[in-house]
Each structure stands twice: as structure tokens, then as C-alpha cells.
Amino acid sequence: MDTKVPQPFDDYEARLRRDWTDREHETWAKLYERQMECITGLSCQAFNEGLHMLGYDPKHLPDPVAISQLIRQHSGWGLTSAQNEYLGATEWFEHIVGRRFPVTEYIRDLKDLDFTPLPDLFHEYFGHLALFTDQRFADISQQFGELYLLGDERQRADIAKLWWFSIEFAFIKEDGEEKVLGAGLLSSPGELEFARHGGKPHHPFTIERVTQAKPAAYSFHEEYFVLDSIEQMQQVIDEYAQREGLPMHQRAVSLV
């Protein structure tokens with residue numbers, strides 16, 4: 001397999017948008033205040049610690065280059081522009097293997113505060129990026145990408161679900177309680193409320209159950225999954241790779 005040299009982070013960061021409008025700052029401020037109220041006491045420890053490290057201004061959208069550089073100091077990851085597109089899974093995981101997190105450059109409209117079907121920058125900056133200051137979480141995320149790129153069509157569908165129901169929509173056990181880990185829950189007032197009080201089942205996270213579940217990109221979910229720990233995601237990756245005979249000893253630089 002040919003080896004490609006990873007592109008310098010400076011090249012990716014130079015494409016990130018930084019010229020936010022007053023209305024976009026206003027939307028961020030309303031979302032930030034509202035979501036902080038929603039997740040207080042509910043978000044997991046790794047998220048809380050990461051959010052503190054990022055030091056967001058509650059009233060103004062972040063400078064993406066500064067955030068990229070800060071995350072790189074903690075975990076070796078950086079940001080890249082998604083060009084305001086819903087990236088296909090293969091392109092998405094190629095970035096993930098390269099330790100680049102794709103971010104959009106638009107924020108939902110004020111009338112859509114509760115839920116947006118497409119990822120926006122609030123979902124990414126608020127929901128995702130705090131956890132990428134955690135080295136364990138960041139390394140596991142990269143391994144999800146490696147696993148995906150090694151799989152065939154059926155395996156990739158499974159692996160995408162394992163990512164979706166963990167990184168995006170999982171709960172996690174901490175001190176005997178369910179806390180919120182998934183970025184789709186951390187950034188969505190509407191789905192977080194629905195997931196907690198909508199009467200939908202919360203299952204233990206298993207490969208068998210998750211790969212049979214149906215992701216819902218344009219509506220709330222019919223079921224959610226609970227991890228025992230962040231480390232369980234590593235166990236899931238290792239177990240799936242072993243079951244399917246995928247050679248996880250190959251490193252990311254040989255895959256992108």
C-alpha cells in the first residue's frame with residue numbers, strides 16, 4: 001500500500017473561516033447559554049474538563065485556528081474545513097485517520113435552536129471538540145477511522161454505526177449514573193431532552209445490538225446506548241477487528 005505524507009496542519013487551518021457576523025455570534029450566545037443550562041450535572045467528566053481547557057467565550061464564536069492549535073497541544077489533532085458539506089463517510093474517516101476533525105462554517109438559524117439535521121459549527125465546536133482534548137478519546141477516534149478504511153462495504157456500515165452510537169449519541173456510566181458523552185446529545189437541547197425523558201430504551205453498548213440499530217440523521221432516535229467507560233470503545237474496536245479479521249496493526253499514515 002502506498003504511503004502518503006500527511007499535509008501540514010497549517011495548510012488545513014488556513015482554509016478555516018474566521019469572519020463571523022453579529023447574527024452568528026448572537027446565535028452562538030443563545031445556544032451556548034441554553035445548552036450549558038441543559039447539560040449541567042449531566043455531561044461526562046472528560047467533556048467537562050475539555051470544555052474548560054477550550055475556554056470558549058460564551059458571547060462570541062471561537063477563532064477556529066486558535067482552537068485547532070490548542071487541541072493540537074493536548075492530543076495532536078487539529079481542525080479542517082468541511083466546506084459546508086455533509087461529508088461522505090469515507091472522506092470523513094480519512095480526515096479522522098489523519099487526526100483532522102472536519103468543521104463546518106455555518107451555524108443554525110435562530111429559529112432552529114432545538115435541533116438541526118445537518119451538522120453545524122455549534123454541534124462541532126460545543127459537542128465534539130472538548131473531548132478531542134482527551135488523549136484517550138482522540139486516539140480511539142483515530143482507530144475508528146483506521147478500522148473503517150480497512151473494512152469492506154458491510155463492515156464499513158457496521159463501523160459507522162459503532163461510531164454513530166458512541167461518539168455521536170452515547171451515554172456513559174460514571175459513579176453509577178448515566179452521563180452524556182455523545183456530541184449529538186451534548187449539542188442538541190431537543191434530542192437531549194427526548195433521550196432522557198422520551199421513554200426510549202437505553203441499552204448496554206454491545207456490537208451485536210448497535211450494528212442492528214437504525215441511525216436517525218433527520219429525527220430523534222428510537223433507542224440509545226450506554227458505555228461502561230471511554231475505554232470500552234477501544235475494546236469494541238479491538239473485538240470487532242478480531243472478529244472480522246481486520247489488520248489493525250496497520251498505522252494511519254499508510255491508509256490516507
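The values are calculated or read from the model by the stated rules, or taken from the named source; none is laboratory data. The model shown is predicted, which means the values in this text are computed figures rather than measured ones. Heads up, the Cβs are rebuilt from the backbone with ideal geometry, glycines too, and the neighbour counts pull from every protein chain shown.
Side notes on the structure shown:
- Count of the range 85-117 residues which are assigned to a helix (DSSP H, G or I), in contact with a Ser or Thr (Cβ under 8 Å, 6 or more places away or on another chain) and surrounded by fewer than 23 Cβ atoms within 10 Å (Cβ to Cβ): 2
- Test set (1) in contact with a helix residue (DSSP H, G or I) (Cβ under 9 Å, 6 or more places away or on another chain); (2) closer than 30 Å to A157 by Cα - G55 fails condition number: (2)
- Any hit, the range 102-118, residues being under 21 Å from I237 (Cβ atoms) and out of contact with any His (no Cβ under 7 Å at 6 or more places or on another chain): no
- Residue ID - nearest to the chain's Cα centre (by Cα), chosen from residues in the range 160-189 that are part of a strand (DSSP E or B) and hydrophobic (A, V, I, L, M, F, W, C): A170
- When the range 67-92 is filtered for residues that are touching a helix residue (DSSP H, G or I) at 6+ places or on another chain (Cβ under 6 Å), in contact (Cβ under 8 Å) with a residue 60 or more places away in the chain and not aliphatic (A, V, I, L, M), the ones remaining, listed by number, are H74, S75, W77, G78, T80.
- Annotation: of all residues in the range 18-43 being within 15 Å of D120 (Cα to Cα) and aliphatic (A, V, I, L, M), the one that is farthest from the chain's Cα centre (by Cα) is A29.
- Selected residue (criterion: farthest from the chain's Cα centre (by Cα)) from residues of the range 118-141 that are among the polar types (S, T, N, Q) and buried (at least 19 other Cβ atoms within 10 Å of the Cβ): T133
- Listed by first and then second residue, the pairs linking a residue in the range 115-128 that is closer than 20 Å to E193 by Cβ and of a type in the set (G, A, S) to a residue that is modelled with pLDDT of 90 or more and part of a helix (DSSP H, G or I), with Cβ atoms under 6 Å apart and 6 or more places separating them unless they lie on different chains, are G127/A183; G127/L186.
- If you go through the range 1-50 and keep only what is touching a strand residue (DSSP E or B) at 6+ places or on another chain (Cβ under 8 Å) and either modelled with pLDDT of 95 or more or under 27 Å from E146 (Cα atoms) (or both), you end up with F9, Y12, E13, R15, L16, I39, L42, S43, C44, Q45, F47.
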